[in-house]
1. Restricting to region 26-43, count the residues that are in a strand (DSSP E or B) and touching a His at 6+ places or on another chain (Cβ under 7 Å).
2. Restricting to region 44-75, name every residue that is surrounded by fewer than 16 Cβ atoms within 10 Å (Cβ to Cβ), outside any loop (DSSP other than H, G, I, E, B) and modelled with pLDDT of 95 or more.
3. Return the pairs, sorted by first residue and then second, in which the second residue is assigned to a helix (DSSP H, G or I) and modelled with pLDDT of 85 or more, the first residue lies in region 56-71 and is over 15 Å from ALA34 (Cα atoms) and among the small types (Gly, Ala, Ser), the beta carbons are less than 7 Å apart, and the residues are 6+ apart or on different chains.
4. Can you pull out every residue in region 76-100 that is of a type in the set (Asp, Glu) and part of a strand (DSSP E or B)?
5. Could you give every pair whose Cβ atoms fall below 6 Å, whose first residue belongs to region 1-28 and is over 20 Å from CYS126 (Cβ atoms), and whose second residue is part of a strand (DSSP E or B) and acidic (Asp, Glu), counting only separations of at least 6 or pairs across chains?
6. Taking ARG87, is it of a type in the set (Lys, Arg) and surrounded by 15 or more Cβ atoms within 10 Å (Cβ to Cβ)?
7. For ASP115, only one of the following conditions fails: (1) at pLDDT below 95; (2) farther than 27 Å from GLY141 by Cβ; (3) not aliphatic (A, V, I, L, M). What is its number?
8. Of all residues in region 107-152 being part of a helix (DSSP H, G or I), of a type outside the set (Gly, Ala, Ser) and in contact with a Leu (Cβ under 7 Å, 6 or more places away or on another chain), which is farthest from LYS25 (Cα to Cα)?
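The values are calculated or read from the model by the stated rules, or taken from the named source; none is laboratory data. Computed from a prediction, not measured in an experiment: that's the story for all the values here. Every residue, glycine as well, gets a Cβ built from its backbone with ideal geometry; the counts of neighbours run over all protein chains shown.
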Amino acid sequence: MSDFNEATDLQISRFLAVPRAKIWKAWSDPAHLAQWWCPKPWTTEVRAFDFRAGGAFHTYMTGPDGKGGAGESDNPGAFLEIVPMERIAFTTMLAGGWRPMLSWMPMTAIFSMSDEPGGTRYIARCLHPDPATSKKHADMGFYEGWGTCAKQLEDYATALG
């Protein structure tokens, strides 16, 4: 993982009291991902999930008030790296097939998972191109929102068989 840059990067680190295999299962299947990906009562539609480096990754989130303006978030992108059971990286600056694109929130997200006694250390890091974009993401509620999603991931993964 790249070095943390305080000016441009945001990160959460959480202990999830569930085995890493279940965290991976909840992350690596689009049907599972849709259940915990955004803070409820928002919902997620997974529009693309080609789970390989260069594969398309596209989530579309809808708020409780429905589509329109602040009630939706369209997030196409591409997976950059998949290391089974360890790391998932994607970016919103490329589409599937490594096609360049513009994004309303340019970032690269890196999710890492490692065993800890009684569960999994889960780290979600967002790298932004500049301090202004990082601040915008923080001001939108990065820490609260991504923290909520980590808790939802833990709850959902705990129930997986």
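1. Step one: of region 26-43, the residues in a strand (DSSP E or B) are 43.
Now restrict to residues that are touching a His at 6+ places or on another chain (Cβ under 7 Å): none.
Matching residues across region 26-43 total 0.
2. Matches in region 44-75: GLU45, ARG47.
3. If the second residue must be assigned to a helix (DSSP H, G or I) and modelled with pLDDT of 85 or more, the pairs left are ALA56/GLY96.
4. Going through region 76-100, the residues of a type in the set (Asp, Glu) turn out to be 81, 86.
Residue satisfying the conditions is GLU81 alone.
5. ARG20/ASP115
6. Values: of a type in the set (Lys, Arg): yes; surrounded by 15 or more Cβ atoms within 10 Å (Cβ to Cβ): yes.
Yes, satisfied.
7. Of the numbered conditions (1) at pLDDT below 95; (2) farther than 27 Å from GLY141 by Cβ; (3) not aliphatic (A, V, I, L, M), the odd one out for ASP115 is (1).
8. First, the residues of region 107-152 that are part of a helix (DSSP H, G or I): 131-139, 142-152.
Within this subset, residues satisfying the condition of being of a type outside the set (Gly, Ala, Ser) are 131, 133, 135-137, 139, 142-144, 146, 148-149, 151-152.
Next cut, in contact with a Leu (Cβ under 7 Å, 6 or more places away or on another chain) only: 137, 142.
On the way: HIS137: 27, PHE142: 24 Å.
Within region 107-152, the match that is farthest from LYS25 (Cα to Cα) is HIS137.
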